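All remarks here apply to the structure that follows.
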Amino acid sequence: MILLVPESPEVPNYHLPRLWQGLVLVLILSIAYSYVEPVVTRDRAYVDGVQKLVDNGTIQLGTEKESYLKLRPLLEIAPAHADWDVKRLLLANFIHGNRVHLFLNLIAAYAGARICTTFLSFFWIMFIFIVGGTLGLTGSVLLPGEYSPYIPHVGASAGIFALMGTYYIYNFKFRTRYFFWFPSRHGKLALPTSWFFFFDVILLELVFSMGQLYPTRLDSIDHISHVIGFTFGVSFALFLRLIQRWPNFIHTRGELMFWHNLKQPPIPASVHTPLETWLRCLEINPYNDYIKKFLFSLILQYQENIRDEQIERAFRFVRPAFCRRDAPYVAGVIKGLLKAQRRIPPLWLRNTPYDVIIRVARHMVTDPEEQILLYQFISAYQTALPQDAGFHHKLELLLTKIGGLIPQRSPGFGGPGGIPGNASAGNTPPQGTPHSPPGKAGKGY
Amino acid sequence: MGKYVPFQKGRPRSLQDALDEAEEDHFVDCPEAPYLLRAAAAILDTIFLTIGLTSFNRVATALFVYFGTSDGTVPVLFSSFVIASDVTLVYVYCLWTVHRFGGSPAKLLFNLRVVDTETGKRLELYQIFLRETVGKALSLALLGFGFFLPLIRHDQRALHDLICSSSVKKIDEGVK
């Protein structure tokens, strides 16, 4: 079931899924179908013939019907409730009702295999597809509630759902890029993976699979196999992650390899070691929001030991999309840095859109004691902007308004309320620390 | 962007008000959303809404297997509930999101905002209602001409925008 076409997890270009794994799976499915298609065609002709006999009244719908249905040609290669074996259960993953069914399955199998390649090798993808599909078909074959016990169960859907389940486990906390078929440069979207999960699987498939247990079923789709396939995918991915020792906050295989190759010093020498680790992780995958949060927690905790250059490197990963999503968090980081009289990197301020600044600023006004920090933040933004940015008048007006509203008791407050001070005092580095020699502020940007 | 000079609206009551005003001034100053982007957002909204409505209606159909009458007819109470839920879903999707967040989900994803042309404020509920019902119905009634109006107008506003004094702005134009 395709809603928007999931193209890949939201990862940098060098972690994007490769094409060949999906194409090989498509090729295998196509070749396999070409071998079984004559049987499928013969089966369709046979069923049409039986249907005509029923319509003519030659045979009766009852026990006589079963004796005809058990002779269906498709049952030679596909399993049914009353006639199945393991070989046919395996083979059924590669059989499709007709060419349209094959085409739809090829698209879904290609997408399913492709999006998993960021996390898994081709061997595991094939393993999950075949085992998940076989288990799904086994479950639906064994459960009763069908019109006839000689209805064959075929299709790759259970295997595709197993791949979906695997993908959800690996990417559940992160975002998925979707292809949106409008012919413009905005044809791709990144949405949280969990959104797709709730729409498709929980709401629809579970309810439908319950409906399938009733003889008067809703449709001819094998929803039970979907649910079982998906469950296998989820369970196996959890098991695989356990074996791989895959931490929750790691997104891609590149990060995992980096993580496993880390040589931990016997005694942590300084805060710079973990800080460098997080920074290097983010260089591998700048979309990992969890690592950004670890990084800034570390910066806020040990800010007196952190150099300006390191803060600037960290802020390179605080992009507008992250600020829009996690504005309260970014506001907390900025408040923490300003409170410690650390400088907010001017380069970051200069490259941050005005609406993002306002959005972050909204989360800085909650505590009256900290409202002065808001003034300092907006002042720093104004200072960082180039003269021709066109925002200066607006910012001056905003600063005047804010200045008139902030309690004028803070010694650092330099607003238009009349208390002397430097408006951007919070944006200067702490003097006297080893990493911030006097007079360094503002240079190098 | 950057050409609009905000006027002094009087002393704001709180910092939140001051920031609201700053944001509204910024929205007035932002460029109008390109037509293709608006069209893309409209298509995506249709997809989202269709997914939501279809999912709900199919789940309702599946539930009918359990709760339906033996003669196959749908109980009035059940069908009324389904219709009321559909209407609520459409209301929440098309009206409430614009009122609460300044845009429908697809517009928000594309960083578009529906704002009052003059003030940059979010639209009031009656304005949104006017825009989504009378405005769009009229745009459609004129053989869809109202939807293509942005292609020939300098300010890129559609007929339903003109009726309720709204504009669709693209807000992620940062300082370069």
Taking region B:81-114 and keeping only residues that are modelled with pLDDT under 85 and more than 14 Å from chain A (Cβ to nearest Cβ), one is left with B:Phe81, B:Val82
With the first residue restricted to region A:342-355 and required to be under 11 Å from A:Asp308 (Cα atoms) and in contact (Cβ under 8 Å) with a residue 12 or more places away in the chain, and the second required to be assigned to a loop (DSSP other than H, G, I, E, B) and charged (D, E, K, R), Cβ contacts under 9 Å at 6 or more apart or on different chains are A:Pro345/A:Arg316
Considering every residue within region A:181-191, establish whether at least one is aromatic (Phe, Trp, Tyr), closer than 30 Å to B:Pro34 by Cβ and either modelled with pLDDT of 85 or more or surrounded by fewer than 20 Cβ atoms within 10 Å (Cβ to Cβ) (or both). yes
Per the filter on region A:227-286, residues part of a loop (DSSP other than H, G, I, E, B) and at pLDDT below 85 are A:Leu262, A:Lys263, A:Gln264, A:Pro265, A:Pro266, A:Ile267, A:Pro268, A:Ala269, A:Ser270, A:Val271
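For region A:373-388, which positions are in contact with a Lys or Arg (Cβ under 9 Å, 6 or more places away or on another chain) and either buried (at least 17 other Cβ atoms within 10 Å of the Cβ) or on the phi > 0 side of the Ramachandran plot (or both)?
Those that are in contact with a Lys or Arg (Cβ under 9 Å, 6 or more places away or on another chain) and either buried (at least 17 other Cβ atoms within 10 Å of the Cβ) or on the phi > 0 side of the Ramachandran plot (or both): A:Leu373, A:Leu374, A:Phe377, A:Ala380, A:Tyr381, A:Ala384, A:Leu385.
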B:Gly120 vs (1) more than 30 Å from A:Arg177 (Cβ to Cβ); (2) within 14 Å of another protein chain (Cβ to nearest Cβ); (3) surrounded by 16 or more Cβ atoms within 10 Å (Cβ to Cβ); (4) modelled with pLDDT under 85: all pass except (4)
Counting only residues in region A:148-171 that are within 17 Å of the chain's Cα centre (by Cα) and not aliphatic (A, V, I, L, M), the one nearest to A:Thr134 (Cα to Cα) is identified as A:Phe161
Going through (1) hydroxyl-bearing (Ser, Thr, Tyr); (2) more than 9 Å from chain B (Cβ to nearest Cβ); (3) within 28 Å of the chain's Cα centre (by Cα) one by one, A:Thr352 fails only at (2)
Looking across region B:10-20 at residues that are within 7 Å of chain A (Cβ to nearest Cβ) and at pLDDT 80 or above, the single one that is farthest from A:Phe391 (Cα to Cα) is B:Ser14
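The rows are residues; the columns are (1) surrounded by fewer than 18 Cβ atoms within 10 Å (Cβ to Cβ); (2) modelled with pLDDT under 80; (3) of a type in the set (Ser, Thr, Tyr); (4) touching a helix residue (DSSP H, G or I) at 6+ places or on another chain (Cβ under 8 Å).
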residue: B:Ala22; (1), (2), (3), (4): no, no, no, yes
residue: B:Ala39; (1), (2), (3), (4): yes, no, no, no
residue: B:Asp45; (1), (2), (3), (4): no, no, no, yes
residue: B:Ala60; (1), (2), (3), (4): no, yes, no, yes
Would you confirm whether any residue within region B:159-169 is part of a loop (DSSP other than H, G, I, E, B) and out of contact with any strand residue (DSSP E or B) (no Cβ under 7 Å at 6 or more places or on another chain)? no
Within region A:70-101, residues of a type in the set (A, V, I, L, M, F, W, C) and farther than 23 Å from A:Ala158 by Cβ come out as A:Leu71
Of the listed residues (A:Ala423, A:Ala314, A:Ala389), the one being away from chain B (no Cβ under 14 Å) and either at pLDDT below 90 or farther than 30 Å from A:Pro192 by Cα (or both) is A:Ala423
Kindly evaluate B:Gly146 against the criterion of being over 15 Å from B:Ala40 (Cβ atoms) and in contact with a His (Cβ under 6 Å, 6 or more places away or on another chain).
no
Subset of region B:28-59, residues aliphatic (A, V, I, L, M), in a helix (DSSP H, G or I) and more than 8 Å from chain A (Cβ to nearest Cβ), comes to B:Val28, B:Ala41, B:Ala42, B:Leu49, B:Leu53
When region A:357-375 is checked residue by residue, the ones that are assigned to a helix (DSSP H, G or I) and among the polar types (S, T, N, Q) are A:Gln371
Every listed condition ((1) under 21 Å from B:Leu36 (Cα atoms); (2) surrounded by fewer than 20 Cβ atoms within 10 Å (Cβ to Cβ)) holds for B:Asp161 save (2)
Please verify whether A:Ile334 is touching a Lys or Arg at 6+ places or on another chain (Cβ under 7 Å), away from every other protein chain (no Cβ under 14 Å) and assigned to a helix (DSSP H, G or I), treating the condition exactly as stated. no
If you go through A:Phe322, A:Phe249, A:Phe258, A:Phe294, the only one that is within 23 Å of A:Tyr354 (Cβ to Cβ) and not basic (Lys, Arg) is A:Phe322
Quick check: is even one residue across region A:263-280 closer than 21 Å to A:Pro192 by Cβ and within 28 Å of the chain's Cα centre (by Cα)? no
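The values are calculated or read from the model by the stated rules, or taken from the named source; none is laboratory data. The shown structure was predicted, so the numbers you read here are calculated from the model rather than taken from an experiment. With ideal geometry, Cβ positions are generated from the backbone for all residues, glycine too; neighbour counts draw on all protein chains shown.
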